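Taking it in order: structure first as structure tokens, then the write-up.
Where a number appears in this text, it was derived from the coordinates with a stated rule and is not lab data. None of these values were measured; they are calculated from a predicted model. Positions of Cβ are backbone-derived with ideal geometry, glycine not excepted, and every protein chain shown enters the neighbour counts.
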Amino acid sequence: MGIPVKLEVFQGPLDLLLHLIEKNKVNIYDIPIVEITDQYMEYVGQMQGENLEVMSEFLVMAATLLDIKSRLLLPPEKDEDGEEQDPRAELVEKLLEYKMYKYMSYELRERQENAAFTLYKEPTIPEEVKAYRQPVDVEELLRGVSVGNLHRMFQDLMRRQEDRIDPIRSKFGTLEKEEVDLNETMSFVVRYIAENVSCTFRQLLTLRKGKLYMIVTFMTLLELMKEGRVEVKQDGVFQEIYIQATETLSREEEVSWEEAGLV
């Protein structure tokens, strides 16, 4: 037998389904779809003359319930892992989500109602009272304090300051910015190789100091190798690297970062 209900009680089909589940005291994870569908359809049958837009939402849910009811009569479907799929799973997920938002709305409405009883009062404390500070009795404050106590307190304070100092980073010197003229450095390396015809990579690195010079020298050597202007040979891992200028490398030739395609 159907449950007598009224349309205005429910905000939509999910609200009606949730009401039927709670009214029948059934487990939402194991909905008796046949019984719930029959009661739902009886309710929909009482919606003659209602708003067509509202009616359509309930009819869509009715079709969903009938589809689930028919799928339960068929052999169970299985997923890729071979596990049986419950046709009610998607509906249960929607009901749980709706239930969560529904009770959240109850909580917000209760907070709104409680906020109506909250009153705000502007501060009326006189400025003289707000500005009052309890006087400090210096003699009472320093009672029992001796020079020895002050010395120990000072030592403890200095010790705490020393503990905050990083023993490694505090000994670092001032880091100076290293500046290198890229075009001039590349031209210098090219001219040296062209004038000496052959040299070692180690010799190139010792011509000037600085990490940036080493990086620019290495990049210049790679570009010269790519263009076939030098030949590089190494007998083994970690062995000396020998550089030999080819005929295409002339003394007057200069290479810039733009020409080398490195910027």
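List of remarks:
- Taking label points 7 Å from Cα along the Cα-to-Cβ direction, Tyr132 and Lys211 give a separation of 6.4 nm.
- Segment Tyr106-Glu162, extension gain: residue separation times 0.36 nm, minus the distance between their alpha carbons: 14.4 nm
- Cross-linked pairs Lys23/Lys94; Lys25/Lys99; Lys69/Lys94; Lys78/Lys99; Lys23/Lys78: Cα-Cα separations exceed 24 Å for Lys78/Lys99; Lys23/Lys78.
- Virtual paramagnetic centre 7 Å along Cα→Cβ of Glu57, amide N under 16 Å, in region 107-127: none
- Simple Cβ-charge dipole of region 182-260, Lys/Arg +1 and Asp/Glu -1, about Cα centre, in debye nearest 20: 440 debye
- Using 0.36 nm per residue and subtracting the Cα-Cα separation, the extra length available between Ile241 and Lys94 on full extension is 45.8 nm.
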